[in-house]
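A short worksheet on the structure shown next.
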Amino acid sequence: IEVAEEVDRMSRLVSDLLFLAEVDAQEVVEHLPVALHEVVYEVWERAKGVDGSCHEIMLAHNDPATVLGDRDRLGQMLWNLVENALRYTPERGQVILSLRNHQQLAELIVADTGVGISAKHLPRIFERFYRTDRARSHSRGSTGLGLAIVKQVVEAHGGQVRVRSELGAGSSFTVAIPIDRS
């Protein structure tokens, strides 16, 4: 089983590296109208299916919002945030998704009641291969690229990502992407 898990992790690592190389070359992100609220709903449903009943996974708000972008990449970005929230939130903890229209922006929030991130690590968590705890991250199947991918996808869509976190209290990632008004 350990060999199969390592093969799976290495496969994800190679896939993530290829994706980052494509984004760096600006070859991979489409700019078509995407109903972001549909992507949020699909990721929420997927998370509930994968997680079983280990966590309370809530969809707090899901305002209709259309952005110009790449549906698959936006889904990947959101899944990376949700997967991290699930990975670092103890059983019976909460993972909350929310999409709100805020002025000219679609504001997507993934919050959790997990272990949190130390303030000293926050400035670097979006760097490629950066891990706050290498041993724990590796044992949980992390490649150290998930949040780097989040940042790349968000920026490729003209948006920004920020994080608030407190050790022992959880984290909240906010993604803001311009709404398509055409």
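Hey, how much of the P(r) for the stretch 38-152 falls beyond 24 Å, as a percent of Cα pairs?
Numbers: 1734 of 6555 pairs.
Pairs farther apart than 24 Å: 26 percent.
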Next on the checklist: If you count only protein heavy atoms and use a 1.4 Å probe, how large is the accessible surface of TRP44, to the nearest 10 Å²?
Outcome noted: 40
Checklist entry - For the stretch 34-73, with equal point scatterers placed on the C-alpha atoms only and solvent neglected, what are the log10 I(q)/I(0) values from the Debye formula at q = 0.16 1/Å, to two decimals? => result -0.45
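Rank these by accessible area, largest first, 1.4 Å probe: LYS120, LYS151.
Details: LYS120 150, LYS151 75 Å².
Most to least solvent-accessible, the answer reads LYS120, LYS151.
The values are calculated or read from the model by the stated rules, or taken from the named source; none is laboratory data. Note that the structure is a prediction, hence the values are computed from the model and not measured. Heads up: the accessible areas ignore ligands, DNA and RNA and are worked out on the full protein's heavy atoms, side chains in. Shrake-Rupley method; radii C 1.70, N 1.55, O 1.52, S 1.80 Å.
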